[in-house]
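Quick notes on the structure that follows.
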Amino acid sequence: MRLKRAFRVWQRHAKVYTKLYKSSIALNFVEPVLYLAALGLGLGAYVKEINGVPYINFIAPGIIASSSMFAATYECSYGTYVRMAYQKTFDAILATPVNADDLIAGEMMWGATKSMLYGTIIMLVISAFGLVGSPLLALAIPLLFITGLIFAEISLIFVAIVPGIDSFNYFYTLLMTPMFLFSGIFFPIETLPSSVSKIAFLTPLYHLVNICRSFASGNPLNASWDIVWIFAVVLLLAPATFGLMNKRLVK
């Protein structure tokens, strides 16, 4: 893998995105705000506080994390598959000096960039509403990128093994939706059965929620182990991502 050529792939995606960003940002902006309003204000009228924090303030950092997750997964699942199978963009890129590893790295970098971008947008929104207790939350922005790499890797692994685009329904229904619901965004996972909370601990979203919540409350050291976890998992998933995607591209 050569980072310079991987960056060229990233640059190609960024250039295409500049022609579509208005509609894309609007869609990714509206849904998290609706969740924040419906649950934070609606359910928050009945659930006053969790761990001494107003309910809307409790879920706001989790909404940042979920927005970051879905930005990377949509881009590196449907987006990557369409570029590979329908638009034949990958064929065109691989006809240049860019090799398969450069291409895969560029896809991951672009997915992580979108993860950071949309997470930052929601971060600004909740800050404007006064739902952030500390400016230290801004320090979590680079960690949105690192965790975005994990979500990109998971998505690319599924792209590598999926038989067709319709199979992404399984990916979102059986993996992404449960991760969204049971990663501590809307309630502490300690309230769940121990077996379920142990599974939640293995998900990257759980750790990103903890990171965002700790930084938002002004206690970044509380997320030290979560930060170590995401760096370790990025490295652990990389060989599987590159290996499986290389096999798929050969097909």
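Bear in mind that the values in this text are calculations on the coordinates, not laboratory data. Predicted model only: the values in this text are computed from it and were never measured. As a convention, Cβ positions derive from the backbone with ideal geometry for all residues, glycine included, and neighbour counts pool all protein chains shown.
Observations on the model:
- Length added when fully stretched, V250-Y86, from 0.36 nm per residue minus Cα-Cα: 57.4 nm
- Computed over the stretch 124-251: relative contact order in percent, which uses C-alpha pairs under 8 Å that are six or more apart: 42 percent
- Ascending count of other beta-carbon atoms within 10 Å, so fewest first, for H207, H13: H13, H207
- Quotient of C-alpha Rg and 2.2 N^0.38 Å, computed over the chain: 1.02
- Rounded to the nearest 20, the size of the Cβ-charge dipole of the chain about its Cα centre is 780 debye, with Lys and Arg at +1 and Asp and Glu at -1.
- Modelled this way, with points 7 Å down the Cα-to-C-beta line, the labels at F187 and D101 are 4.7 nm from one another.
- Least to most buried among I154, I165 (fewest other Cβ within 10 Å first): I165, I154
- With coordinates expressed along the principal axes, the C-alpha atoms belonging to the stretch 68-184 extend over 49, 34, 18 Å, beginning with the largest.
- Cross-link table K4/K88; K19/K198; K4/K198; K19/K48, entries beyond 32 Å C-alpha to C-alpha: K19/K198; K4/K198; K19/K48
- Across the alpha-carbon set of the stretch 124-168, the Rg to Rh ratio works out to 1.26, Rh being the Kirkwood radius.
- Counted residue by residue at 0.36 nm each, then reduced by the alpha carbon distance between them, the extension gain from W225 to V196 reaches 8.5 nm.
- Acute angle (nearest 10 degrees) that the helix 224-250 long axis makes with the longest principal axis of the chain, alpha-carbon atoms: 30 degrees
- Ranking M245, L34, F7 by Cα position along the charge dipole of the chain, where only Lys, Arg, Asp and Glu carry charges on their C-beta atoms, puts F7 farthest toward the positive end.
- Applying 0.36 nm per residue to the separation of Y17 and E49 and subtracting their alpha-carbon distance, the gain on full extension is 7.5 nm.
- Put in line by how crowded their Cβ is, counting other Cβ atoms within 10 Å and starting with the fewest, M176, M69 read M176, M69.
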